[in-house]
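A quick write-up on the structure given underneath.
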Amino acid sequence: MNRKWHHILRNYEVMCLVLLGSLALRLLLAGAYAEMMLYAVLGAVGIALAIWAPRSEESWRERLRLLWYPVLINVVYARLGTTMASIGYESQDAALLAWDERCFARTPAESLIPYTQPWLTECVSVCYLLFFPAVLALFVIALWHGPRGGVALFRGLISLYAIGFLGYSLVPAAGPHLAWPEMFPVWKDMGFFTRVNAALVAQGSNHVDVFPSLHSGITWFFLGYWWRTKKLVFWLCLLPACGLFLATLYLRYHYGVDVIVGIFLGSLCLRLTFPKSQSP
């Protein structure tokens, strides 16, 4: 990339283009040309917005440029299951389960079975559901700040999504609850929030969204962001966040290695948002 493009494109935009380009190339090799065009168009829109709203432009143009990336990640996430089917893939659930057994003797979701209680299931389901308004809050904050702070926040947050989606495409897996249903007893006495959460996951998942755990990575990022900007919000969110970490395993959605890698990526992307020179 020459200096001109390096000046126009931000690092999170480059990471998104790497994600889109890798998917487009794999679709091209698979002969799925119509699906490939979707990612080519998405990449072209991102480049066009970067040219139309270069650095130090008017704030409204900056906000439109930022707004494209929440739209992009939602489109890519919703389409990724179909895309991976077009590419042709082998589920990596067996490999992830094997890694869990190496690291923990058995996958943590299985180890938590003896502690299953209806009240605990309801509590962690609430925590899992809180992820969605929490992420929405980060996007709203970024768009509100615009050029002043939104670019820095997106530098980490959108990078985390781009790397995470790349992980989904390279290590596609459905999660313990779908890959190994015989391993777990059926949920009993499901409360309201447990039913809502289960329905949301069943209808909204693309079935390749396990490695890494972006629920864990983005929650870690969320805590780190508030620790550096407003500690009161951090302390208010800490208990629900811990409940969410537990929920990823307790609800059988993720393997232990997913959560570990997700938290690692969250830490890495926090460093992008808050360079060492800006650390408190």
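The values are calculated or read from the model by the stated rules, or taken from the named source; none is laboratory data. Just so it is clear, the model here is predicted, and its values are computed rather than measured. Note: ideal-geometry Cβ built from the backbone for every residue, glycine included; neighbour counts use all protein chains shown. Calculation scope for accessible area: heavy atoms of the full protein, side chains included, ligands and nucleic acids excluded. Shrake-Rupley method; radii C 1.70, N 1.55, O 1.52, S 1.80 Å.
Please pick out the residue among GLY167, GLY149 that is without any contact (Cβ under 8 Å) to a residue 40 or more places away in the chain, farther than 19 Å from THR116 by Cα and open to solvent by less than 30 Å² (accessible area, probe 1.4 Å).
It is GLY149.
Quick one: which residue in PHE192, PHE222 is more than 18 Å from the chain's Cα centre (by Cα) and at pLDDT 90 or above?
Just a single option satisfies the conditions, and that option is PHE192.
Where the second residue is modelled with pLDDT of 95 or more and open to solvent by 60 Å² or more (accessible area, probe 1.4 Å) and the first is over 20 Å from ASP209 (Cβ atoms) and lies in the stretch 179-198, which pairs have Cβ atoms under 6 Å and are six or more apart or on separate chains?
Between residues of the stretch 179-198 that are over 20 Å from ASP209 (Cβ atoms) and residues that are modelled with pLDDT of 95 or more and open to solvent by 60 Å² or more (accessible area, probe 1.4 Å), there is no close pair.
Of the residues ARG155, ARG63, only one is closer than 26 Å to PHE274 by Cα and touching a Ser or Thr at 6+ places or on another chain (Cβ under 8 Å); which?
Being closer than 26 Å to PHE274 by Cα and touching a Ser or Thr at 6+ places or on another chain (Cβ under 8 Å) holds for just one of ARG155, ARG63, which is ARG155.
Scanning for something open to solvent by less than 50 Å² (accessible area, probe 1.4 Å) and either of a type in the set (A, V, I, L, M) or under 16 Å from ILE158 (Cα atoms) (or both), does the stretch 188-195 turn up at least one residue?
no
Can you give me the number of residues within the stretch 106-120 that are of a type in the set (A, V, I, L, M, F, W, C) and open to solvent by 80 Å² or more (accessible area, probe 1.4 Å)?
So the answer is 1.
Here are the criteria: (1) touching a residue at least 24 places away in the same chain (Cβ under 8 Å); (2) open to solvent by 40 Å² or more (accessible area, probe 1.4 Å). Tell me which single one GLY81 does not satisfy.
(2)
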